[in-house]
Amino acid sequence: MTVRYVFLHPPGQLDAVPAGRLELVVADGALLTSRFQYGRRYLDRAEALDVDPVSLSRAGETELPREPVNGLPLFGAIRDASPDAWGRRVIENRLGRLGPLSEVDYLDHAGSDRSGALDIRTNSDSSPRASNLAAAIDLPYLLEAVERIEAGAQVPARLAHFFDGGPTMGGMRPKAVIEVGGRQFVAKFPSTTDSRFNVPAVEQATLELARGCGLDVPATRLERLDGERAAMLIERFDREPVAGGFARRHMVSALTMLGVSEMESPDQSYAAIADVISTRGAAAYVERDRIELFKRMVFNILVCNDDDHLRNHAFLHDADARGWRLSPLYDVVPSPQLGTDRFLNLGVGPNGRAARLDNALAGAGGFGINRRSAANLIEDLVARTRTWRNTFEACGVSERDCAAVASAFRRAGDIGMREVDRA
Ligand SMILES: Nc1ncnc2c1ncn2[C@@H]1O[C@H](COP(=O)(O)OP(=O)(O)OP(=O)(O)O)[C@@H](O)[C@H]1O
Ligand SMILES: [Mg+2]
(Lines give C-alpha, C1' and ligand atoms only; values in the text may rest on other atoms or scores of the structure.)
(Ligands and ions follow the chains in the order given, each with its own letter.)
Protein backbone atom coordinates (compact mmCIF):
# COMPACT_ATOMS: atom_id res chain seq x y z
CA MET A 1 0.00 0.00 0.00
CA THR A 2 1.23 3.48 -0.88
CA VAL A 3 0.30 6.53 1.17
CA ARG A 4 0.01 10.08 -0.15
CA TYR A 5 -1.41 13.31 1.27
CA VAL A 6 -4.07 15.30 -0.53
CA PHE A 7 -3.74 19.08 -0.24
CA LEU A 8 -6.39 21.61 -1.18
CA HIS A 9 -6.05 25.31 -1.95
CA PRO A 10 -8.91 26.98 -0.05
CA PRO A 11 -10.80 29.62 -2.08
CA GLY A 12 -8.86 32.84 -2.55
CA GLN A 13 -5.70 31.55 -0.81
CA LEU A 14 -2.24 31.13 -2.31
CA ASP A 15 -1.17 28.17 -0.19
CA ALA A 16 -2.64 24.70 0.06
CA VAL A 17 -3.56 23.02 3.33
CA PRO A 18 -3.36 19.26 4.00
CA ALA A 19 -6.86 17.80 3.68
CA GLY A 20 -6.30 14.14 4.36
CA ARG A 21 -4.51 10.87 3.89
CA LEU A 22 -4.86 8.80 0.72
CA GLU A 23 -4.10 5.09 0.63
CA LEU A 24 -3.48 3.55 -2.78
CA VAL A 25 -3.49 -0.19 -3.34
CA VAL A 26 -1.45 -0.88 -6.47
CA ALA A 27 -0.57 -4.20 -8.13
CA ASP A 28 1.73 -4.29 -11.18
CA GLY A 29 1.34 -0.54 -11.64
CA ALA A 30 -2.46 -0.75 -11.82
CA LEU A 31 -4.51 0.89 -9.12
CA LEU A 32 -6.89 -1.61 -7.52
CA THR A 33 -8.50 0.58 -4.94
CA SER A 34 -7.98 3.63 -2.77
CA ARG A 35 -9.12 4.92 0.60
CA PHE A 36 -9.21 8.41 2.05
CA GLN A 37 -9.63 9.93 5.46
CA TYR A 38 -9.88 13.63 6.28
CA GLY A 39 -7.48 15.14 8.80
CA ARG A 40 -9.13 16.36 12.01
CA ARG A 41 -7.65 19.84 11.67
CA TYR A 42 -8.92 20.11 8.11
CA LEU A 43 -12.47 19.26 9.17
CA ASP A 44 -12.31 22.10 11.69
CA ARG A 45 -11.37 24.70 9.09
CA ALA A 46 -14.10 27.13 8.13
CA GLU A 47 -12.83 27.33 4.55
CA ALA A 48 -12.57 23.55 4.00
CA LEU A 49 -14.29 22.02 0.94
CA ASP A 50 -15.17 18.42 0.14
CA VAL A 51 -12.16 16.91 -1.63
CA ASP A 52 -14.62 14.90 -3.72
CA PRO A 53 -18.24 16.07 -3.58
CA VAL A 54 -19.62 12.62 -4.48
CA SER A 55 -17.44 10.12 -2.62
CA LEU A 56 -16.10 12.26 0.19
CA SER A 57 -18.68 14.58 1.67
CA ARG A 58 -17.22 15.91 4.93
CA ALA A 59 -20.60 15.39 6.57
CA GLY A 60 -20.29 11.64 5.96
CA GLU A 61 -16.82 11.33 7.53
CA THR A 62 -16.47 8.24 9.72
CA GLU A 63 -13.79 6.74 11.94
CA LEU A 64 -12.61 4.55 9.05
CA PRO A 65 -11.11 5.56 5.69
CA ARG A 66 -13.69 5.59 2.90
CA GLU A 67 -13.55 4.12 -0.62
CA PRO A 68 -14.78 5.74 -3.86
CA VAL A 69 -18.41 5.23 -4.90
CA ASN A 70 -19.40 2.71 -7.57
CA GLY A 71 -16.29 0.53 -7.11
CA LEU A 72 -14.09 3.14 -8.81
CA PRO A 73 -10.38 2.53 -8.19
CA LEU A 74 -9.70 6.20 -7.48
CA PHE A 75 -11.77 9.11 -6.16
CA GLY A 76 -13.03 11.00 -9.22
CA ALA A 77 -11.78 14.38 -7.98
CA ILE A 78 -8.30 12.97 -7.44
CA ARG A 79 -8.38 11.26 -10.82
CA ASP A 80 -9.30 14.66 -12.30
CA ALA A 81 -6.11 16.09 -10.76
CA SER A 82 -4.05 13.41 -12.46
CA PRO A 83 -2.91 13.47 -16.12
CA ASP A 84 -4.57 11.77 -19.10
CA ALA A 85 -2.95 10.43 -22.26
CA TRP A 86 -0.92 13.51 -23.13
CA GLY A 87 0.28 14.39 -19.63
CA ARG A 88 1.30 10.78 -19.10
CA ARG A 89 3.56 10.92 -22.15
CA VAL A 90 5.11 14.15 -20.87
CA ILE A 91 5.84 12.54 -17.50
CA GLU A 92 7.30 9.41 -19.10
CA ASN A 93 9.52 11.63 -21.25
CA ARG A 94 10.67 13.74 -18.30
CA LEU A 95 11.51 10.67 -16.26
CA GLY A 96 13.14 9.00 -19.26
CA ARG A 97 11.07 5.88 -18.69
CA LEU A 98 8.89 3.87 -21.03
CA GLY A 99 5.21 3.83 -20.11
CA PRO A 100 2.88 2.80 -18.78
CA LEU A 101 4.18 3.78 -15.35
CA SER A 102 2.42 3.15 -12.08
CA GLU A 103 -0.68 5.27 -11.42
CA VAL A 104 1.13 6.60 -8.37
CA ASP A 105 3.93 7.95 -10.58
CA TYR A 106 1.45 9.87 -12.70
CA LEU A 107 -0.27 11.22 -9.62
CA ASP A 108 3.08 12.28 -8.13
CA HIS A 109 4.47 14.01 -11.21
CA ALA A 110 1.52 16.05 -12.50
CA GLY A 111 3.04 19.21 -10.98
CA SER A 112 1.81 21.36 -8.13
CA ASP A 113 0.04 23.70 -10.57
CA ARG A 114 -2.13 20.83 -11.78
CA SER A 115 -5.78 21.07 -12.75
CA GLY A 116 -8.16 22.41 -10.09
CA ALA A 117 -7.37 23.12 -6.43
CA LEU A 118 -5.93 19.78 -5.31
CA ASP A 119 -2.32 18.74 -4.95
CA ILE A 120 -0.88 15.34 -4.08
CA ARG A 121 2.24 15.18 -1.91
CA THR A 122 4.26 12.48 -0.18
CA ASN A 123 3.99 13.86 3.37
CA SER A 124 1.53 15.95 5.30
CA ASP A 125 4.22 18.63 5.68
CA SER A 126 5.70 18.45 2.13
CA SER A 127 6.18 21.70 0.23
CA PRO A 128 4.73 22.01 -3.27
CA ARG A 129 7.01 21.06 -6.16
CA ALA A 130 8.61 24.10 -7.74
CA SER A 131 6.43 25.36 -10.57
CA ASN A 132 7.74 27.42 -13.42
CA LEU A 133 5.34 28.38 -16.16
CA ALA A 134 6.51 29.12 -19.68
CA ALA A 135 5.63 32.40 -21.43
CA ALA A 136 4.12 33.16 -24.84
CA ILE A 137 7.59 33.76 -26.21
CA ASP A 138 8.46 30.15 -25.38
CA LEU A 139 5.68 28.69 -27.55
CA PRO A 140 8.00 27.74 -30.46
CA TYR A 141 10.24 25.85 -28.02
CA LEU A 142 7.26 24.17 -26.43
CA LEU A 143 6.11 23.08 -29.89
CA GLU A 144 9.54 21.64 -30.58
CA ALA A 145 9.34 19.70 -27.32
CA VAL A 146 5.79 18.55 -28.20
CA GLU A 147 7.08 17.17 -31.49
CA ARG A 148 9.82 15.23 -29.69
CA ILE A 149 7.36 13.81 -27.20
CA GLU A 150 4.95 12.78 -29.95
CA ALA A 151 7.82 11.10 -31.80
CA GLY A 152 8.79 9.22 -28.64
CA ALA A 153 12.19 10.94 -28.61
CA GLN A 154 13.85 12.38 -25.52
CA VAL A 155 13.32 16.13 -25.15
CA PRO A 156 16.84 17.62 -25.34
CA ALA A 157 18.20 19.48 -22.32
CA ARG A 158 17.94 22.89 -24.04
CA LEU A 159 14.15 22.43 -24.31
CA ALA A 160 13.52 20.45 -21.15
CA HIS A 161 13.26 23.39 -18.78
CA PHE A 162 10.28 24.81 -20.66
CA PHE A 163 8.27 21.70 -19.87
CA ASP A 164 9.82 20.59 -16.62
CA GLY A 165 8.31 23.10 -14.26
CA GLY A 166 4.84 23.13 -15.82
CA PRO A 167 1.79 21.11 -14.79
CA THR A 168 0.22 18.39 -16.92
CA MET A 169 -3.44 19.10 -17.59
CA GLY A 170 -5.82 16.36 -18.76
CA GLY A 171 -6.80 15.36 -22.30
CA MET A 172 -5.24 13.62 -25.28
CA ARG A 173 -3.97 16.54 -27.31
CA PRO A 174 -0.56 18.17 -26.81
CA LYS A 175 -0.77 21.11 -24.45
CA ALA A 176 1.12 23.17 -21.89
CA VAL A 177 0.26 25.89 -19.40
CA ILE A 178 1.71 29.35 -19.97
CA GLU A 179 1.51 32.65 -18.14
CA VAL A 180 0.79 35.81 -20.11
CA GLY A 181 0.29 39.22 -18.54
CA GLY A 182 -0.46 37.82 -15.08
CA ARG A 183 -3.03 35.31 -16.37
CA GLN A 184 -2.71 31.59 -16.97
CA PHE A 185 -3.63 29.94 -20.26
CA VAL A 186 -3.80 26.38 -21.52
CA ALA A 187 -1.89 26.35 -24.82
CA LYS A 188 -3.17 23.66 -27.21
CA PHE A 189 -0.74 22.70 -29.96
CA PRO A 190 -1.07 21.11 -33.38
CA SER A 191 -0.47 17.36 -33.36
CA THR A 192 1.39 15.34 -36.00
CA THR A 193 -1.78 13.26 -36.26
CA ASP A 194 -3.87 16.27 -37.45
CA SER A 195 -4.35 15.54 -41.12
CA ARG A 196 -7.63 17.18 -42.00
CA PHE A 197 -7.38 20.80 -40.86
CA ASN A 198 -5.59 23.26 -38.59
CA VAL A 199 -7.13 22.08 -35.32
CA PRO A 200 -6.02 24.94 -33.01
CA ALA A 201 -7.29 27.57 -35.49
CA VAL A 202 -10.61 25.78 -35.96
CA GLU A 203 -11.04 25.18 -32.22
CA GLN A 204 -10.46 28.84 -31.47
CA ALA A 205 -12.94 29.95 -34.15
CA THR A 206 -15.52 27.46 -32.85
CA LEU A 207 -15.16 28.78 -29.31
CA GLU A 208 -15.61 32.33 -30.63
CA LEU A 209 -18.71 31.16 -32.51
CA ALA A 210 -19.99 29.77 -29.20
CA ARG A 211 -19.31 33.11 -27.53
CA GLY A 212 -21.35 34.78 -30.27
CA CYS A 213 -24.16 32.37 -29.33
CA GLY A 214 -24.10 33.75 -25.80
CA LEU A 215 -22.36 30.73 -24.25
CA ASP A 216 -19.92 31.17 -21.36
CA VAL A 217 -16.49 30.92 -23.03
CA PRO A 218 -13.06 31.75 -21.51
CA ALA A 219 -10.81 34.26 -23.28
CA THR A 220 -9.10 32.60 -26.25
CA ARG A 221 -6.48 33.62 -28.74
CA LEU A 222 -4.51 32.13 -31.58
CA GLU A 223 -0.73 32.43 -31.61
CA ARG A 224 0.80 31.86 -35.03
CA LEU A 225 3.94 29.73 -34.83
CA ASP A 226 5.69 28.74 -38.05
CA GLY A 227 3.98 28.87 -41.44
CA GLU A 228 0.41 27.63 -41.07
CA ARG A 229 0.86 26.22 -37.61
CA ALA A 230 -0.60 27.87 -34.55
CA ALA A 231 -1.30 27.27 -30.87
CA MET A 232 -4.66 28.07 -29.33
CA LEU A 233 -4.61 29.76 -25.94
CA ILE A 234 -7.58 29.46 -23.62
CA GLU A 235 -7.58 31.15 -20.25
CA ARG A 236 -7.62 28.80 -17.26
CA PHE A 237 -10.91 29.11 -15.40
CA ASP A 238 -9.52 27.18 -12.44
CA ARG A 239 -7.08 30.00 -11.66
CA GLU A 240 -7.73 33.50 -10.33
CA PRO A 241 -5.01 36.12 -10.24
CA VAL A 242 -4.67 37.50 -6.67
CA ALA A 243 -1.98 39.62 -5.02
CA GLY A 244 1.24 37.58 -5.05
CA GLY A 245 0.13 34.82 -7.42
CA PHE A 246 -2.90 32.73 -8.27
CA ALA A 247 -5.74 31.38 -6.21
CA ARG A 248 -7.31 28.13 -7.38
CA ARG A 249 -10.83 26.99 -7.93
CA HIS A 250 -11.73 23.44 -7.02
CA MET A 251 -12.83 21.64 -10.18
CA VAL A 252 -14.25 18.22 -10.97
CA SER A 253 -15.32 16.66 -14.25
CA ALA A 254 -18.92 15.68 -14.99
CA LEU A 255 -17.57 12.11 -14.89
CA THR A 256 -16.78 12.64 -11.22
CA MET A 257 -20.09 14.35 -10.47
CA LEU A 258 -21.96 11.40 -11.97
CA GLY A 259 -19.77 8.94 -10.07
CA VAL A 260 -19.19 6.73 -13.10
CA SER A 261 -16.15 5.30 -14.87
CA GLU A 262 -14.98 6.34 -18.32
CA MET A 263 -16.32 3.06 -19.75
CA GLU A 264 -19.81 4.05 -18.61
CA SER A 265 -19.61 7.51 -20.21
CA PRO A 266 -21.40 6.66 -23.49
CA ASP A 267 -24.44 5.41 -21.55
CA GLN A 268 -24.78 8.82 -19.94
CA SER A 269 -26.68 11.87 -21.14
CA TYR A 270 -26.88 15.65 -20.97
CA ALA A 271 -30.07 15.25 -18.93
CA ALA A 272 -28.06 13.31 -16.33
CA ILE A 273 -25.65 16.26 -16.08
CA ALA A 274 -28.67 18.56 -15.75
CA ASP A 275 -29.88 16.37 -12.86
CA VAL A 276 -26.51 16.78 -11.15
CA ILE A 277 -26.83 20.56 -11.56
CA SER A 278 -30.20 20.32 -9.81
CA THR A 279 -28.97 18.14 -6.95
CA ARG A 280 -25.45 19.44 -6.40
CA GLY A 281 -25.37 22.84 -8.07
CA ALA A 282 -25.35 26.19 -6.26
CA ALA A 283 -29.05 26.85 -5.69
CA ALA A 284 -29.07 30.39 -7.10
CA TYR A 285 -27.66 29.18 -10.44
CA VAL A 286 -29.48 25.91 -11.11
CA GLU A 287 -31.84 27.33 -13.70
CA ARG A 288 -29.16 29.36 -15.45
CA ASP A 289 -26.70 26.45 -15.60
CA ARG A 290 -29.31 24.01 -16.92
CA ILE A 291 -30.17 26.42 -19.74
CA GLU A 292 -26.47 26.92 -20.48
CA LEU A 293 -26.03 23.13 -20.65
CA PHE A 294 -29.01 22.75 -22.97
CA LYS A 295 -27.58 25.44 -25.25
CA ARG A 296 -24.19 23.70 -25.27
CA MET A 297 -25.87 20.46 -26.30
CA VAL A 298 -27.68 22.19 -29.17
CA PHE A 299 -24.48 23.98 -30.17
CA ASN A 300 -22.64 20.64 -30.25
CA ILE A 301 -25.38 19.28 -32.52
CA LEU A 302 -25.08 22.28 -34.84
CA VAL A 303 -21.27 22.13 -35.13
CA CYS A 304 -21.19 18.34 -34.87
CA ASN A 305 -18.82 18.24 -31.89
CA ASP A 306 -19.11 14.55 -31.11
CA ASP A 307 -16.20 14.45 -28.64
CA ASP A 308 -18.47 15.81 -25.91
CA HIS A 309 -17.65 13.09 -23.36
CA LEU A 310 -18.01 13.49 -19.60
CA ARG A 311 -14.46 14.80 -19.13
CA ASN A 312 -15.28 17.60 -21.54
CA HIS A 313 -17.81 19.02 -19.10
CA ALA A 314 -16.73 20.25 -15.69
CA PHE A 315 -17.95 21.86 -12.50
CA LEU A 316 -16.21 24.62 -10.59
CA HIS A 317 -16.71 25.35 -6.93
CA ASP A 318 -18.06 28.86 -6.41
CA ALA A 319 -17.16 30.10 -2.93
CA ASP A 320 -19.57 33.06 -3.05
CA ALA A 321 -22.48 30.92 -4.21
CA ARG A 322 -21.41 28.18 -1.76
CA GLY A 323 -21.82 25.44 -4.31
CA TRP A 324 -20.91 23.98 -7.68
CA ARG A 325 -21.40 25.71 -11.01
CA LEU A 326 -21.05 24.46 -14.56
CA SER A 327 -17.58 25.49 -15.73
CA PRO A 328 -17.10 27.66 -18.81
CA LEU A 329 -17.01 25.87 -22.17
CA TYR A 330 -13.85 24.16 -23.51
CA ASP A 331 -12.73 21.53 -26.03
CA VAL A 332 -15.24 22.09 -28.83
CA VAL A 333 -14.13 21.07 -32.32
CA PRO A 334 -16.38 20.39 -35.33
CA SER A 335 -16.11 16.89 -36.70
CA PRO A 336 -16.69 16.83 -40.47
CA GLN A 337 -18.35 13.62 -41.63
CA LEU A 338 -19.89 12.11 -44.73
CA GLY A 339 -23.14 10.58 -43.51
CA THR A 340 -26.14 12.67 -42.46
CA ASP A 341 -26.90 10.63 -39.33
CA ARG A 342 -24.65 11.98 -36.62
CA PHE A 343 -24.39 11.10 -32.96
CA LEU A 344 -23.05 12.94 -29.96
CA ASN A 345 -21.10 11.12 -27.26
CA LEU A 346 -23.82 11.71 -24.66
CA GLY A 347 -27.56 11.14 -24.84
CA VAL A 348 -29.54 14.13 -26.20
CA GLY A 349 -33.23 13.21 -25.86
CA PRO A 350 -35.70 10.36 -26.33
CA ASN A 351 -33.86 9.39 -29.52
CA GLY A 352 -30.70 8.71 -27.59
CA ARG A 353 -27.48 10.23 -28.90
CA ALA A 354 -28.95 11.23 -32.29
CA ALA A 355 -27.55 14.70 -33.06
CA ARG A 356 -30.83 16.22 -34.17
CA LEU A 357 -32.71 19.36 -33.17
CA ASP A 358 -36.04 17.53 -32.81
CA ASN A 359 -34.34 15.12 -30.38
CA ALA A 360 -33.00 18.06 -28.34
CA LEU A 361 -36.42 19.71 -28.33
CA ALA A 362 -38.10 16.53 -27.13
CA GLY A 363 -35.52 16.19 -24.33
CA ALA A 364 -35.79 19.79 -23.08
CA GLY A 365 -38.01 18.80 -20.14
CA GLY A 366 -34.99 17.06 -18.61
CA PHE A 367 -33.38 20.50 -18.29
CA GLY A 368 -36.45 22.08 -16.75
CA ILE A 369 -37.14 23.95 -20.01
CA ASN A 370 -40.60 24.00 -21.57
CA ARG A 371 -41.15 23.20 -25.24
CA ARG A 372 -41.74 26.75 -26.35
CA SER A 373 -38.68 28.19 -24.61
CA ALA A 374 -36.57 25.32 -25.92
CA ALA A 375 -37.75 26.03 -29.47
CA ASN A 376 -36.78 29.70 -29.04
CA LEU A 377 -33.34 28.80 -27.74
CA ILE A 378 -32.77 26.39 -30.62
CA GLU A 379 -33.99 28.88 -33.21
CA ASP A 380 -31.60 31.51 -31.89
CA LEU A 381 -28.63 29.10 -31.96
CA VAL A 382 -29.49 27.98 -35.49
CA ALA A 383 -29.56 31.61 -36.67
CA ARG A 384 -26.26 32.44 -34.96
CA THR A 385 -24.36 29.40 -36.21
CA ARG A 386 -25.63 29.65 -39.77
CA THR A 387 -23.08 32.40 -40.43
CA TRP A 388 -20.19 30.35 -39.00
CA ARG A 389 -18.01 31.11 -42.02
CA ASN A 390 -17.96 34.82 -41.15
CA THR A 391 -16.68 34.06 -37.65
CA PHE A 392 -14.15 31.55 -38.95
CA GLU A 393 -12.85 34.01 -41.56
CA ALA A 394 -12.64 36.80 -38.96
CA CYS A 395 -10.63 34.43 -36.75
CA GLY A 396 -8.22 33.80 -39.63
CA VAL A 397 -9.24 30.24 -40.48
CA SER A 398 -8.10 29.60 -44.06
CA GLU A 399 -10.52 28.97 -46.91
CA ARG A 400 -9.08 25.49 -47.23
CA ASP A 401 -9.80 24.74 -43.57
CA CYS A 402 -13.33 26.17 -43.81
CA ALA A 403 -13.95 23.81 -46.72
CA ALA A 404 -12.47 20.92 -44.71
CA VAL A 405 -14.89 21.39 -41.80
CA ALA A 406 -17.94 22.53 -43.78
CA SER A 407 -19.66 19.12 -43.67
CA ALA A 408 -19.85 19.40 -39.86
CA PHE A 409 -22.37 22.22 -40.27
CA ARG A 410 -25.63 20.75 -41.54
CA ARG A 411 -28.75 22.54 -42.71
CA ALA A 412 -31.16 22.91 -39.80
CA GLY A 413 -33.96 21.73 -42.11
CA ASP A 414 -32.18 18.38 -42.47
CA ILE A 415 -31.90 17.74 -38.74
CA GLY A 416 -35.41 18.29 -37.43
CA MET A 417 -35.93 22.06 -37.61
CA ARG A 418 -39.49 21.59 -38.84
CA GLU A 419 -40.49 20.19 -35.46
CA VAL A 420 -38.84 23.20 -33.77
CA ASP A 421 -40.70 25.66 -36.01
CA ARG A 422 -43.96 23.93 -35.13
CA ALA A 423 -43.25 24.35 -31.42
N1 LIG B 1 -9.73 26.87 -19.97
C2 LIG B 1 -9.49 25.88 -19.11
N3 LIG B 1 -9.35 26.12 -17.79
C4 LIG B 1 -9.12 25.13 -16.91
N5 LIG B 1 -9.00 23.84 -17.27
C6 LIG B 1 -9.12 23.52 -18.57
C7 LIG B 1 -9.38 24.51 -19.56
N8 LIG B 1 -9.46 23.91 -20.76
C9 LIG B 1 -9.26 22.61 -20.53
N10 LIG B 1 -9.05 22.36 -19.23
C11 LIG B 1 -8.79 21.07 -18.56
O12 LIG B 1 -7.83 20.38 -19.32
C13 LIG B 1 -8.37 19.17 -19.81
C14 LIG B 1 -7.89 18.96 -21.22
O15 LIG B 1 -8.29 20.05 -22.05
P16 LIG B 1 -9.07 19.75 -23.40
O17 LIG B 1 -10.28 18.95 -23.11
O18 LIG B 1 -9.24 21.06 -24.08
O19 LIG B 1 -7.97 18.90 -24.15
P20 LIG B 1 -8.03 17.73 -25.24
O21 LIG B 1 -6.69 17.12 -25.21
O22 LIG B 1 -8.49 18.30 -26.55
O23 LIG B 1 -9.12 16.74 -24.67
P24 LIG B 1 -9.68 15.38 -25.32
O25 LIG B 1 -8.81 14.29 -24.86
O26 LIG B 1 -11.06 15.36 -24.72
O27 LIG B 1 -9.70 15.60 -26.82
C28 LIG B 1 -9.87 19.31 -19.69
O29 LIG B 1 -10.50 18.07 -19.52
C30 LIG B 1 -10.02 20.21 -18.47
O31 LIG B 1 -9.92 19.44 -17.29
MG1 LIG C 1 -11.01 17.23 -23.67
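Worth a mention:
- Evaluated at q = 0.12 Å⁻¹: base-10 log I(q)/I(0), Debye formula over Cα of the stretch 287-423: -0.49
- Contour minus Cα-Cα distance for Val69 and Ser102 (0.36 nm per residue): 9.7 nm
- In plain terms, the chain from Arg224 to Ala151 could stretch by 24.1 nm, reckoned as 0.36 nm per residue minus the Cα-Cα distance.
- What a 1.4 Å probe finds exposed on the chain is 48% carbon and sulfur by accessible area, rounded to a whole percent.
- Size descriptor, Kirkwood hydrodynamic radius, that averages inverse alpha-carbon separations across the stretch 105-207, Å: 15.0 Å
- Debye equation applied to the C-alpha atoms of the stretch 264-318, log10 I(q)/I(0) at 0.26 Å⁻¹: -1.16
- Theoretical gain in end-to-end length, Ser195 to Ala406 [0.36 nm per residue, Cα-Cα removed]: 74.4 nm
- Cα-based Rg of the chain normalised by 2.2 N^0.38 Å, two decimals: 0.98
- All-pairs Cα distance distribution in the stretch 2-121, expressed in whole percent, bin size 5 Å: 2, 11, 22, 24, 20, 12, 6, 3, 0
- Inter-centroid distance (Cα atoms) of the stretch 118-174 relative to the stretch 208-286, Å: 21 Å
- Label point at Asp15 placed 7 Å out along Cα→Cβ; residues across the stretch 112-147 whose backbone nitrogen lies under 18 Å: 112-113, 118-131
- Per residue, the chain exposes 42 Å² of solvent-accessible protein surface, assessed with a 1.4 angstrom probe and all protein chains in place.
- Packing-based ranking, highest mean first, of 124-133, 326-335 given that Cβ atoms within 10 Å are counted: 326-335, 124-133
The values are calculated or read from the model by the stated rules, or taken from the named source; none is laboratory data. Just so we're clear, the structure is a prediction, and the values are computed from it rather than from any experiment. Quick reminder, even Gly has a Cβ in these numbers, built from the backbone with ideal geometry, and neighbours come from all protein chains shown. Remember, those area values only see protein heavy atoms, side chains included, never the ligands or the DNA or RNA. Shrake-Rupley method; radii C 1.70, N 1.55, O 1.52, S 1.80 Å.
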